[in-house]
Amino acid sequence: MKVKLTMMWKDALESLVKSPATQRYPFVRLSAPDQLRSKLHWNLENCTGCGLCAKDCPADAIKIIVLDKKAKRFVFRYQVDHCTFCSQCVVSCRQDCLSMANNEWELAALNKDKFTVYYGHASDVESVMEDESDAENGEPAGV
Amino acid sequence: MTGSDDNLWQGDVEKLKGLVSERALTGETMVLNMGPQHPSTHGVLRLLLELDGETVVTCVPDIGYLHTGIEKNMESKRYEQSIVMTDRMDYLSPMGNNLVYCLAMEKLIDLDVPPRAQVIRVLLSELTRINSHLVWLGTHALDIGAMSVFLYCFRERERLLDIFEMVSGQRMMSTYFRPGGVWRDVPAEFEPAVRDFINYFPPRVDDYEKLLTNNPLWLDRTQGIGFISADDAIRYGCSGPTLRGSGVNWDIRKALPYSGYENFDFDVPLGQHGDVYDRYLIRIEEMRQSLRIVEQALDKLPDGPVRSNNRKYVPPPRSELGQSMEAVIHHFKLWTEGFRPPVGEVYQRIESPRGELGCYLVSDGEPKPWRVHFRTPSFIHLSVLPLMSKDHLIADLVGIIGSVDIVLGDCDR
């Protein structure tokens, strides 16, 4: 019994003088390890629009919308809420244009719209978003 | 809620026939629903209890509240795509689930695994076992009333999760083991972190023992509770600490070694009485033995590749893609079509922290499996709950559920 109490007292006294084990998040933000798999990023420069990433994604989180293949007008639609962060797409991409950030892990949002991320040239993204909102409202694309 | 009074019993009494005794139908005993939202059922387990006062007469487990359809879903995905789903079955032992699925796949296609990957797999599987046992010990002690152990266990678990995060990029859903090896090599800071844990952890296990093993309250609540004989344990298909608690020397790591477990020196702790206390002692000792394996694995970690060189099943490294046309073709073929294993079926089993975890794979030669089935210890162990809890007090039932260490994600696939 004495041994037990000694161990508990030691722990309790140490804890009194030690700084807390927890961090004052969100005021203090710990850095994540380099290997962390968080939000996916896409680099348009190298992409050939082959669509392997979308095909291999186990969660159907990726869609490559091809506006003009010759002019390399692609829009990469990434659904963060579908993503399981397995990094299969990063492995599948032959051109090395996908990467997973290691510091964007605060992905919670109050609005569901924030979970759909579009990458690409601003004008292309705008036209794709317009088409998609039209399709949602039941209007034919391009109207 | 008695069976005889239809005004009180909301369900159909006829449906209870065969599940509970005749005494419940006449109203002599009480039928009580425990769970699925109950803090001590470790997930969403529902127990239909027939009580005579405070004594359990019948206990009928009811599952399905966490059914995810993972097995069925795997049939619509290519072999490699499904690894990500295995993490989510037994969420306390994701690496173990990865391992059994990868081993089954490797058996099906006869794929080699480099020695370094084998040792990394063993090392991480054992760390996962410690991680799982820590959660078990914390929650089990909390159920029985020892609050401080819970805090200590989760403090230690944090270090393990940091190691998993460092290696795989994720704390829980690691998806780290892949067919033919592991996803990528461990980083340089891995070895010091594990060495640090090896030095840090043994005194902590001693601390848990100081708090619980000879504690009169703990002994009262665990000794002689939830007894199961060796014969019954074998007959019901128990495995892992539940089987070894009854004194049966059966550990798949020793009996049917996989991933090179035959090269490691460790003991298999055995119980004598088959009660909650013996199962507790076994898991505590298993943590020490796992640490022994981790230390040996770290000492003998060989250099070399961590993924097989068989290009038919394993994608080429990125460095080859810019130089070899053949590598590009392999890469493209593997990620567009996947690989086609030969027609056949395999069964692979491993010793997960909870017991025998088996994976049954049936291939019809297509890139997607025809059938995937997991034999999970949690599901099997639920069937012994009625036997273990019979004639015990309802308060002891909580300790019994904790002692078989069920994870409902593992139970409902």
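When B:GLU54, A:GLU104 are compared by accessible area of protein heavy atoms, the largest-first order is B:GLU54, A:GLU104, using a 1.4 Å probe. Taking every C-alpha pair closer than 8 Å and separated by at least 6 residues, the mean separation divided by the residue count of chain B gives a relative contact order of 24 percent. Taking the centroid of alpha carbons for each part, the stretch B:129-183 and the stretch B:25-90 are 22 Å apart. For the stretch B:385-405 versus the stretch B:284-345, the inter-centroid distance based on Cα atoms is 43 Å.
Annotation: per residue accessible area for the stretch A:32-136 equals 52 Å², rounded to a whole number [probe 1.4 Å, protein chains only]. Contact with the other protein chains removes 30 Å² or more of accessible area, compared with the isolated chain and a 1.4 Å probe, from these residues of the stretch B:327-354: B:VAL328, B:HIS331, B:PHE332, B:TRP335, B:THR336. Ordering A:23-29, B:219-225 by mean Cβ neighbour count within 10 Å, with the highest value first, yields B:219-225, A:23-29. Note on the protein assembly as shown: Cα-only Rg and Dmax are 26.2, 82 Å. What would the Debye formula give as log10 I(q)/I(0) at q = 0.07, 0.12, 0.13 Å⁻¹ for the alpha-carbon point model of chain B, no solvent? Log10 of I(q)/I(0), two decimals: -0.37, -0.98, -1.11. The mean sequence distance of close C-alpha pairs (under 8 Å, at least 6 residues apart), as a share of the length of the stretch A:32-136, puts its relative contact order at 35 percent. Note that the stretch B:185-266 presents 45 Å² accessible area per residue, ligands and nucleic acids not counted, probe 1.4 Å. Which log10 I(q)/I(0) values, to two decimals, does chain A give at q = 0.14 Å⁻¹ under the Debye formula with one point per Cα? Values, matching the q order: -0.77. Between the stretch A:80-98 and the stretch B:99-114, the C-alpha centres lie 24 angstrom from each other. Each Lys or Arg adds one and each Asp or Glu takes one away; over the other residues whose Cβ falls under 15 Å from the Cβ of A:ALA59, this sums to +3. Averaged over peptide B:302-314, the number of partner chain Cβ atoms lying within 10 Å of each residue's Cβ comes to 0. How would the stretch B:14-99 be classified by its alpha-carbon gyration tensor: rounded, prolate or oblate, with rounded meaning a/c under 1.5 and the a/b versus b/c comparison settling the rest? Here the stretch B:14-99 falls in the prolate category. Put simply, chains B and A cover up around 2600 Å² of each other's accessible surface, both sides summed, when a 1.4 Å probe is used. Taking a sphere under 12 Å around the Cβ of B:LEU281 and counting the other residues whose Cβ falls inside, with K and R at +1 and D and E at -1, yields a net charge of -1. Shown for the stretch A:32-136: the carbon plus sulfur share of the solvent-accessible area, taken with all protein chains present and a 1.4 angstrom probe, equals 48%. With 40 Å² as the minimum drop in accessible area between chain alone and full protein complex (1.4 Å probe), the qualifying residues in the stretch A:47-64 are A:LEU52, A:LYS55, A:ASP56, A:PRO58. Within the shell defined by Cβ-Cβ distances under 9 Å, the residues around B:PHE379 carry a net charge of 0, with Lys and Arg each +1 and Asp and Glu each -1. Could you sort the residues of the stretch B:142-166 by number and keep only those whose accessible area is reduced by 10 Å² or more in the all-protein-chain setting relative to the chain alone, 1.4 Å probe? Those are B:SER148, B:TYR152, B:ARG155, B:GLU165, B:MET166, which lose 10 Å² or more relative to the chain on its own. Surface composition of chain B: carbon plus sulfur atoms hold 54% of the accessible area, using a 1.4 angstrom probe and ignoring ligands, DNA and RNA.
Using only Cα atoms, find the angle between the long axis of helix A:122-136 and the longest principal axis of chain A, and express it within 0 to 90 degrees, rounded to the nearest 10. So the inclination is approximately 90 degrees. Packing order of peptides B:267-273, B:291-297, highest average first: B:291-297, B:267-273 (average count of other Cβ atoms within 10 Å over each peptide's residues). Relative to the longest principal axis of the Cα atoms of chain B, the long axis of helix B:325-336 makes an angle of roughly 20 degrees. Here the stretch B:302-325 is scanned for amide nitrogen atoms under 20 Å from the site 7 Å beyond the Cα of A:ASP96 along Cα-to-Cβ, giving B:306-307, B:315-325. The simple Förster model, with R0 at 35 Å and r as the Cβ-Cβ distance, assigns A:SER123 and B:THR68 a FRET efficiency of 0.25. Only DSSP H runs of four or more residues enter the estimate; each adds -39500 (n - 2.57), and after division by the residues of the protein assembly as shown the mean residue ellipticity at 222 nm equals -12500 deg cm²/dmol.
Against chain B, whose longest principal axis comes from its Cα atoms, helix B:115-144 is set at around 20 degrees.
The values are calculated or read from the model by the stated rules, or taken from the named source; none is laboratory data. As the structure is a computational prediction, the values presented were derived from the model and not from experiment. FYI the Cβ positions are ideal-geometry reconstructions off the backbone, even for glycines, and counts take in every protein chain you see. Remember, those area values only see protein heavy atoms, side chains included, never the ligands or the DNA or RNA. Shrake-Rupley method; radii C 1.70, N 1.55, O 1.52, S 1.80 Å.
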